[in-house]
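First the structure, in the form of structure tokens, and then the observations on it.
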Amino acid sequence: MEPRSASRSSPLSRGRVLPRRFYQRDARVVAPDLLNKVLISGSILARIVEVEAYCGSSDPASHAYRGKTRRNATMFGPPGHLYVYFTYGMHWCANVVCMPAGVASAVLLRGAEPLEGLEEMWERRPRARRENDLCSGPAKLAQALGLTGADDGIGLLGRSGRMCIVDDGLPPPSMPGNGVRIGIREGSDLMWRWWVPGSRHVSKR
DNA sequence: ACCGGGATGTTCT
DNA sequence: GAACATCCCGGTG
């Protein structure tokens, strides 16, 4: 009734924040586990439907492959933080940092289903024509959420920060889609991309 | 639907 | 200089 619907419409009541130990694992394990989790950014809620894993020193496609630099420093930091980078001269993309500090492992957020705060997303993505144009791609997702370099390194643990990721009870798919990563040259044979089968908010179907 | 190319600037060779 | 974890638009079928 009234109280129930009121509490359900509150972003912060939607689920339990993922704890540090969730992120303290290899990106190839965290990535499929992030499917169907809910990303909260300010008043925006979006369900993660597509991810890719990037694994530091063993992965030629990872920004961290050739060691720590100014740009990728956040990847080498503690887990449960956001690594945001600039690419193609105009786009920002967001990763979730995994593994303990010192090990560069991260999950690229590639696609999400908008749940709340759609007005805000439409404003930030004026060229989007359909709802599935809002977050169906890493740079689209970052733009819809208003993420830029200013957000590099922000924490996802606890409810006090601007962003977090919560589990609202919907488990990851028992058989997620799985294939090679998109838009890379090196390491293009590795099947480190996962998605929610059938979702219209996946970048490529 | 599918495909080709331009935009735009930081990072690394 | 080249590459780049991309997106958008305008062509064609």
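The values are calculated or read from the model by the stated rules, or taken from the named source; none is laboratory data. Owing to the predicted nature of the structure, the values given are computational and were not obtained by experimental measurement. With ideal geometry, Cβ positions are generated from the backbone for all residues, glycine too; neighbour counts draw on all protein chains shown.
A few comments on the model shown:
- Restricting region A:122-156 to residues that are aliphatic (A, V, I, L, M), under 16 Å from the mean Cα position of the chain (by Cα) and within 14 Å of DNA strand C (Cβ to nearest atom), the residue that is surrounded by the most Cβ atoms within 10 Å (Cβ to Cβ) is A:141.
- In the condition set (1) closer than 24 Å to residue A:159 by Cα; (2) out of contact with any strand residue (DSSP E or B) (no Cβ under 9 Å at 6 or more places or on another chain), residue A:60 is compliant with all but (1).
- Restricted to region A:36-137, the set of strands (runs of 3 or more DSSP E) holding at least 1 residues that are among the polar types (S, T, N, Q) comprises A:38-41, A:82-87, A:91-97, A:105-116.
- The residues of region A:176-205 that are closer than 21 Å to residue A:46 by Cα and assigned to a loop (DSSP other than H, G, I, E, B), listed by number, are A:176, A:196, A:197, A:198, A:199, A:200, A:201, A:202, A:203, A:204, A:205.
- Scanning region A:93-109 for residues that are free of Cβ contacts under 8 Å to residues at least 60 places away in the same chain, more than 19 Å from residue A:45 (Cα to Cα) and buried (at least 20 other Cβ atoms within 10 Å of the Cβ) turns up just one, A:104.
- Test set (1) at positive phi; (2) modelled with pLDDT under 95 - residue A:161 fails condition number: (1)
- Looking only at region A:173-205, and only at residues there that are touching a strand residue (DSSP E or B) at 6+ places or on another chain (Cβ under 8 Å) and among the small types (Gly, Ala, Ser), the one that is nearest to residue A:113 (Cα to Cα): A:199
- Residues in region A:2-54 that are modelled with pLDDT of 95 or more and either closer than 26 Å to residue A:193 by Cβ or of a type in the set (Lys, Arg) (or both): 37 in all.
- In this structure, residue A:174 does not satisfy being more than 27 Å from residue A:62 (Cβ to Cβ), modelled with pLDDT under 95 and of a type in the set (S, T, N, Q).
- Of the residues making up region A:65-77, those that are under 21 Å from the mean Cα position of the chain (by Cα) and more than 17 Å from residue A:25 (Cα to Cα) are A:65, A:71, A:72, A:73.
- From the options A:73, A:112, residue that is surrounded by 18 or more Cβ atoms within 10 Å (Cβ to Cβ) and within 13 Å of DNA strand C (Cβ to nearest atom): A:112
Table: residues versus (1) out of contact with any Leu (no Cβ under 6 Å at 6 or more places or on another chain); (2) without any contact (Cβ under 8 Å) to a residue 40 or more places away in the chain; (3) away from DNA strand B (no atom under 16 Å from the Cβ).
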| site | (1), (2), (3) |
| --- | --- |
| A:17 | yes, no, yes |
| A:23 | yes, no, yes |
| A:43 | yes, no, yes |
| A:62 | yes, no, no |
| A:70 | yes, yes, no |
| A:86 | yes, no, no |
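- Going through (1) touching a strand residue (DSSP E or B) at 6+ places or on another chain (Cβ under 9 Å); (2) more than 10 Å from DNA strand C (Cβ to nearest atom) one by one, residue A:85 falls short only on (2).
- Out of A:203, A:188, one residue alone is farther than 24 Å from residue A:24 by Cβ, within 17 Å of the chain's Cα centre (by Cα) and among the small types (Gly, Ala, Ser). It is A:203.
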